[in-house]
Amino acid sequence: MAKLSTRVWLEIALCAAIATVLDLFIPSPTFAVEVSVKMLPIIFLSLRRGWPAGVLGGFLWGLLQVLLGDAYFLSIIQFLLEYFVAFALVGLAGLLVQPMQTTLVDQSQAYGKQISLAIAALVTGSLARYLIHFLAGVWFWGSYAPEGQSPYLYSFLVNGGAFLSETLTCAIVIALLVKFYPRLILVKNHGKSWT
């Protein structure tokens, strides 16, 4: 990983803070339904600066949740998985940084392609995050399943519902913000890396 500039570190901190504020002030109706856009700052950071910055931003977002007392834990392993690993993995959206940056520079009016890339990045980061939540749901929260229900089914219903609803909400907002991608995502790098 290349050394990150001070500007990138500031962007990481700002995006993590915005994600935390969105998480705290826009509550979801239930654990199984997440009508939220809290992942978007980390998705946009990842598409702007790449997966290393995105992973760091997601990790910091998880840390801020813990520091603000917005964390539930049953064991240290579950705690680390759900608040540090899962949130950090949202930054894998940055695996699509190069095609997104290229499309923004070379095809500034290719809105369909830009939306498709941004949604693919969202699904990548969101799916990675919720895979960890699903596994934690089976291993640690499975005992909370209704009597006779498999911990796998219980975790799938709770975490799958949250994954689908939050990803869909974010996808809608991503599509609506397409004209702002040059300001939100594009980095004029003058031949240097995005970091």
Q: Mind counting the residues in the range 86-99 that are out of contact with any Gly (no Cβ under 6 Å at 6 or more places or on another chain) and buried (at least 19 other Cβ atoms within 10 Å of the Cβ)?
A: 3
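If a residue has to be under 18 Å from Ala175 (Cβ atoms), without any contact (Cβ under 8 Å) to a residue 40 or more places away in the chain and open to solvent by 50 Å² or more (accessible area, probe 1.4 Å) to count, how many in the range 100-111 make the cut?
Restricting attention to the range 100-111, the residues satisfying the condition of being under 18 Å from Ala175 (Cβ atoms) are 100, 103-104, 107-111.
Next, from what is left, pick out any that are without any contact (Cβ under 8 Å) to a residue 40 or more places away in the chain: 103, 107, 109-110.
If we keep only those that are open to solvent by 50 Å² or more (accessible area, probe 1.4 Å) as well, we get 107, 109.
Number satisfying all stated conditions: 2.
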Q) For the range 140-150, what are the residues that are of a type outside the set (Gly, Ala, Ser) and either touching a residue at least 24 places away in the same chain (Cβ under 8 Å) or open to solvent by less than 50 Å² (accessible area, probe 1.4 Å) (or both)? A) Phe140, Trp141
(Q) If Leu22 meets every condition in (1) part of a loop (DSSP other than H, G, I, E, B); (2) among the hydrophobic types (A, V, I, L, M, F, W, C); (3) surrounded by 15 or more Cβ atoms within 10 Å (Cβ to Cβ) apart from one, which number is that one? (A) (1)
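Taking Gly137 as the residue in question, decide whether it is assigned to a helix (DSSP H, G or I), open to solvent by less than 20 Å² (accessible area, probe 1.4 Å) and farther than 19 Å from Leu40 by Cβ. Give the steps one after another, and end with the answer.
Working: assigned to a helix (DSSP H, G or I): yes; open to solvent by less than 20 Å² (accessible area, probe 1.4 Å): yes; farther than 19 Å from Leu40 by Cβ: yes.
Yes.
Each row is one residue, and each column tells you yes or no for (1) over 17 Å from Leu131 (Cα atoms); (2) in a helix (DSSP H, G or I); (3) at pLDDT below 95.
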site: Phe44; (1), (2), (3): yes, yes, no
site: Arg48; (1), (2), (3): yes, yes, no
site: Gly58; (1), (2), (3): no, yes, no
site: Val66; (1), (2), (3): yes, yes, yes
site: Ala71; (1), (2), (3): yes, no, yes
site: Glu82; (1), (2), (3): no, yes, yes
site: Leu104; (1), (2), (3): yes, yes, yes
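Within the range 72-88, can you find the residues that are closer than 21 Å to Leu40 by Cβ and not charged (D, E, K, R)?
Step one: of the range 72-88, the residues closer than 21 Å to Leu40 by Cβ are 82-88.
Of everything in the range 72-88, those that are closer than 21 Å to Leu40 by Cβ and not charged (D, E, K, R) turn out to be Tyr83, Phe84, Val85, Ala86, Phe87, Ala88.
Please verify whether Tyr72 is under 20 Å from Leu24 (Cα atoms), over 12 Å from the mean Cα position of the chain (by Cα) and open to solvent by 40 Å² or more (accessible area, probe 1.4 Å), treating the condition exactly as stated.
Working: under 20 Å from Leu24 (Cα atoms): yes; over 12 Å from the mean Cα position of the chain (by Cα): yes; open to solvent by 40 Å² or more (accessible area, probe 1.4 Å): yes.
So Tyr72 fits the description; yes.
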Q. If you go through the range 25-36 one residue at a time, do you hit one that is surrounded by 13 or more Cβ atoms within 10 Å (Cβ to Cβ) and over 30 Å from Ala145 (Cα atoms)?
A. no
Q) How about the range 157-193: which of its residues are assigned to a loop (DSSP other than H, G, I, E, B) and either touching a Phe, Trp or Tyr at 6+ places or on another chain (Cβ under 7 Å) or at pLDDT 85 or above (or both)? A) Leu177, Ile185, Leu186, Val187
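The values are calculated or read from the model by the stated rules, or taken from the named source; none is laboratory data. Keep in mind the model is a prediction, meaning the values are calculated, not measured. Here Cβ is always computed from backbone atoms with ideal geometry, including for glycine, and neighbour counts include all displayed protein chains. The protein model used for the area step is the full one, side chains on, heavy atoms only, and it has no ligands, DNA or RNA in it. Shrake-Rupley method; radii C 1.70, N 1.55, O 1.52, S 1.80 Å.
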